[in-house]
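Right, one structure below, let's go through it.
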Amino acid sequence: MQVDGQRFLADLHKLRSFGASGVGKGVVRPAYSEADSAARVWLAARMVEAGLRVETDAMGNLFGLAEGPSLLLGSHSDSQPEGGWLDGALGVIAALEVARSADVPVSVVSFQDEEGRFGVTTGSAVWSGQLDLAEADLLLDDSGIPLGQARQVVNDTGNVDPAQFTGFIEMHIEQGPVLDTTAEQIGVVSDIVGIRDMKITFQGQQNHAGTTPMHLRRDAFQAVSDFNHALTERFANVVTPATVWTIGHLSLHPNASSIVPGKAVFSMQWRDGDADRLGRMEQIILTLAQEVAQARGMEVSFGTMLGLEPVKMDARLRQALESSAETLAHGGWRVMPSGALHDATNVSQLMPVAMLFVPSIGGISHAFQEDTAEADLVLGLEVLAGAVAALHR
Ligand code: GLV
Ligand code: MN
Ligand code: MN
């Protein structure tokens, strides 16, 4: 199979033009935004040109379907609130390039809301039956908009039956420092970590910042601060160097210099390759938040717990990627776990899945500065095409 590296790069740059923003090659294209919808209209047209039949399901997952049974390739084309040009986009455009170059049936997908404006990999979670559409509709974004309202922009053409796909391969940037540090060009993924994510709310008492003595305050921000500080200590005997946790979103009410904040809502997210460890961390989080609330005289409440279990990649698909990597990047590749989440986790509930990484310069992602050398992007595309061809032999 002869893929066209220049055509692939040109389409990748074109996709970036939808929501292009910030420094470098930054992108702002959150799920269901105008830029996201416009990008999907363009992608659908490219799929049709590639001879694929386009379908969009109720969530807005966009499929370009080959006739009959086929491999499914792809990723997502929504971005973080501040994202780069490759996270997700790379896997979608690589899939498109392989589908239009292959003489075997290859289907393409761009999942919706992988970046979790409303949850965690919401589009593929609904498609794979992990999350009920009616339940998903109630999920809120950080400004309180329900998913059910945001997805009104979708032109739903019906469900796409997963039974037509023989497997799923997702190409992606690594989004971490490993390949960049070792100067290797390809990563073949062994497994994807699991994640837990929920909102925690401390409700104290809003009051005047000049007249309220320190010992009488029920300051919700101080509770968050205590919680965050104590958490590292509580985790010490449970976590490994590979475990990560993040408070990435915090909203204080009413968020004004002269008001003791009465309410703090924050996101608590943790990730690890071991489901049991994720559970023990959850217990620590719940207990600690309750202790802090009691000590500071406030109420604590917990939002819906979202999560994905750790998953292993399929041996046969992985082998095809490894052989192709060894042929095209002899000695310059490795097997590695994924610390980032991917739609492949959800799709693994339906069919065999595998993943392929290319390096991220400086290990940076979920930031405008995210980038990868074009030679590495094209090599990754070729490794993917080689694996697809081998799987049909
Ligand atoms: C997906 O973007 C993740 O947060 O890992
Ligand atoms: Mn991604
Ligand atoms: Mn991402």
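Selection of strands (runs of 3 or more DSSP E) fully inside the stretch 284-363 by the criterion of at least 1 residues being touching a Phe, Trp or Tyr at 6+ places or on another chain (Cβ under 6 Å) and away from ligand 2 (no atom under 16 Å from the Cβ) returns 299-302.
Annotation note: of ALA99, ALA136, ALA95, the sole residue that is small (Gly, Ala, Ser) and within 23 Å of MET268 (Cα to Cα) is ALA136. Among the criteria (1) within 16 Å of ligand 3 (Cβ to nearest atom); (2) over 24 Å from HIS366 (Cα atoms), the one ALA66 does not fulfil is (1). Scanning the stretch 138-154 for residues that are outside any helix (DSSP H, G or I) and touching a strand residue (DSSP E or B) at 6+ places or on another chain (Cβ under 8 Å), we see that the one that is nearest to SER348 (Cα to Cα) is LEU139.
If we scan the stretch 245-260, do we find a residue that is free of Cβ contacts under 8 Å to residues at least 40 places away in the same chain, more than 19 Å from SER301 (Cβ to Cβ), assigned to a helix (DSSP H, G or I) and of a type in the set (Val, Ile, Thr)? There is no residue in the stretch 245-260 that is free of Cβ contacts under 8 Å to residues at least 40 places away in the same chain, more than 19 Å from SER301 (Cβ to Cβ), assigned to a helix (DSSP H, G or I) and of a type in the set (Val, Ile, Thr). In the set ALA89, ALA125, only one residue is buried (at least 24 other Cβ atoms within 10 Å of the Cβ), more than 19 Å from ALA389 (Cα to Cα) and within 13 Å of ligand 2 (Cβ to nearest atom); that residue is ALA89.
Scan the stretch 72-104 for residues that are of a type in the set (D, E, K, R) and within 16 Å of ligand 1 (Cβ to nearest atom) and jot them down. Selection gives ASP78, GLU82, ASP87. Scanning the stretch 155-182 for residues that are of a type in the set (Asp, Glu) and outside any strand (DSSP E or B) returns ASP156, ASP161, GLU174, ASP180. Scan the stretch 99-131 for residues that are basic (Lys, Arg) and within 13 Å of ligand 3 (Cβ to nearest atom) and the total you get is 1.
Would it be correct to say that ALA163 is free of Cβ contacts under 8 Å to residues at least 24 places away in the same chain and either surrounded by fewer than 20 Cβ atoms within 10 Å (Cβ to Cβ) or in contact with a strand residue (DSSP E or B) (Cβ under 6 Å, 6 or more places away or on another chain) (or both)? Against the criterion (free of Cβ contacts under 8 Å to residues at least 24 places away in the same chain and either surrounded by fewer than 20 Cβ atoms within 10 Å (Cβ to Cβ) or in contact with a strand residue (DSSP E or B) (Cβ under 6 Å, 6 or more places away or on another chain) (or both)), ALA163 qualifies. Of all residues in the stretch 359-381, those satisfying the criterion of being within 16 Å of ligand 1 (Cβ to nearest atom) and aliphatic (A, V, I, L, M) are ILE364, ALA367.
Rule-based calculations on the coordinates, nothing more; no lab input. In this text the structure is predicted, and so the values were computed from the model without any measurement. Please note: Cβ atoms are built from the backbone with ideal geometry, for glycine as well, and neighbour counts cover all protein chains shown.
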